Amino acid sequence: MQNFKVIIVEDVPLELKGTEGIIRNEIPEAEVIGTAGSEIDYWRLMKKQVPDLVLLDLGLGGSTTVGVEICRQTKELHPQLKVLIFTGEILNEKLWVDVLDAGADGIILKTGELLTRHDVSAVMDGKQLVFNEPILRKIVERFKRSVSSQLAKQEALIGYEIDEYDERFLRHLALGYTKDQIAQLRGMPFGVKSLEKRQNELVQKLFPNATGGVNATRLVVRALELRIIDIDTLEADEE
């Protein structure tokens, strides 16, 4: 790793001291050319000298959105500059998404392994989306759940012989569409009577042992339970 210049953005003096200690002891190639405890201080430093890396805490002055905007504006003005988030916001997943959308090169949570030479080196070498173990663990867990959900859906579609029109019909029922409205959707080549027949066929497939009537609500709930439709991705087709 070649020598590089870094600005640290951190408003808690004790944490700033700890971060400087990590850089001094673990990353001798880094030259800290300034530290900022606020947005105003940061932009004042940037006017004097643009670094190679900004090590950015998100929670400045009690606000998390300030850090996101600093990241966004920095990447817009200096696309080649690396922005590595070093944050104590360990539970705010929405904030992680926001700062990644703002162009951050990675996120290091202030827990577990903290900031390492390996992480900083990866960012400076041009690797995108650098994360430390705590956030990687969350990403892997979400990935595993997503894959399992997709597999369950595929198995349900095959096992219950659900075609694309069945899925579309169930999805729009879940969204509160009436059969009249579903029949008018682009790409749905069925009238209301055909949809009523399709609903009865779906009831027979999903409730093979039902003795009483099964209404549309109960049918939709069963489709959600079987992962035939996914509550997290319910979207209407173009009308």
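Highest mobility in the GNM of the chain, judged by mean-square fluctuation with C-alpha springs under 10 Å and restricted to 176, 59, 213, is found for 213. Spacing of the modelled spin labels on residue 197 and residue 237, each 7 Å from Cα toward Cβ, amounts to 1.8 nm. Bridgeable aspartates and glutamates around residue 127 (alpha carbons under 17 Å apart, same-chain partners fewer than 8 residues away excluded): 52, 101, 105, 119. Only the Cβ atoms of Lys and Arg (+1) and of Asp and Glu (-1) were treated as charged; on that basis the dipole of the range 112-202 about its Cα centre amounts to roughly 200 debye. Think of the range 122-176 as having a plus end and a minus end, set by charges on the Cβ of Lys, Arg, Asp and Glu; of 139, 176, 158, 139 sits farthest toward the positive end of this dipole. Here, the range 182-239 has an Rg and a Dmax of 12.6, 36 Å when only alpha carbons are counted. Net length available on complete extension from residue 101 to residue 161 is 17.7 nm, with 0.36 nm assigned per residue and the Cα-Cα distance removed.
Modelled spin labels at residue 230 and residue 141, positioned 7 Å past Cα toward Cβ, are 1.9 nm from each other.
When a 1.4 Å probe is rolled over the protein heavy atoms, the share of accessible surface on the chain that falls to carbon and sulfur comes to 49 percent.
Dividing the summed helix terms, -39500 (n - 2.57) for each DSSP H run of n ≥ 4, by the number of residues in the chain produces a 222 nm estimate of -16000 deg cm²/dmol to the nearest 500.
Say the cut-off is 25 Å between C-alpha atoms; which of 110/138; 17/82; 144/179; 48/82; 5/94; 110/153 go over it? Over 25 Å apart, Cα to Cα: 144/179; 5/94; 110/153.
At a probe radius of 1.4 angstrom, the accessible area of the chain per residue rounds to 57 square angstrom. One decimal place: the segment residue 17-residue 38 gains 6.0 nm when fully extended, by the rule 0.36 nm per residue minus the C-alpha distance.
P(r) for the range 138-239, from all Cα pairs and a bin width of 10 Å, is 14, 46, 30, 9, 1 %, short bins first. Aspartates and glutamates near residue 205 by alpha-carbon distance under 20 Å, same-chain residues fewer than 8 away left out - which ones? Those aspartates and glutamates meeting the cut-off are 155, 161, 163, 164, 166, 167, 196, 225, 230. Of the three principal axes defined by the Cα atoms of the chain, the extents in descending order read 73, 31, 31 Å. Between residue 180 and residue 69, the contour length at 0.36 nm per residue exceeds the Cα-Cα span by 35.4 nm.
Membrane-span-like helices in the chain, defined here as complete DSSP H runs extending at least 20 Å along the helix axis by their C-alpha atoms with mean Kyte-Doolittle hydropathy no lower than -0.5, are 133-159; this is a sequence and geometry rule, not a statement about a membrane. Is the range 77-143 best put as rounded, prolate or oblate by its Cα gyration tensor, with a ≥ b ≥ c the root eigenvalues, rounded for a/c under 1.5, and otherwise prolate when a/b is larger than b/c, oblate when not? Because a/c hits 1.5 or more and a/b fails to exceed b/c, the range 77-143 counts as oblate. Rounded to the nearest 20, the size of the Cβ-charge dipole of the chain about its Cα centre is 400 debye, with Lys and Arg at +1 and Asp and Glu at -1.
The values are calculated or read from the model by the stated rules, or taken from the named source; none is laboratory data. Because the structure is predicted, anything quoted here is derived from the model rather than measured. Note that each Cβ is placed from the backbone with ideal geometry, even for glycine, and that neighbours are counted across all protein chains shown. For the accessible areas, the whole protein counts, side chains as well, though only heavy atoms, and no ligand, DNA or RNA atoms are used. Shrake-Rupley method; radii C 1.70, N 1.55, O 1.52, S 1.80 Å.
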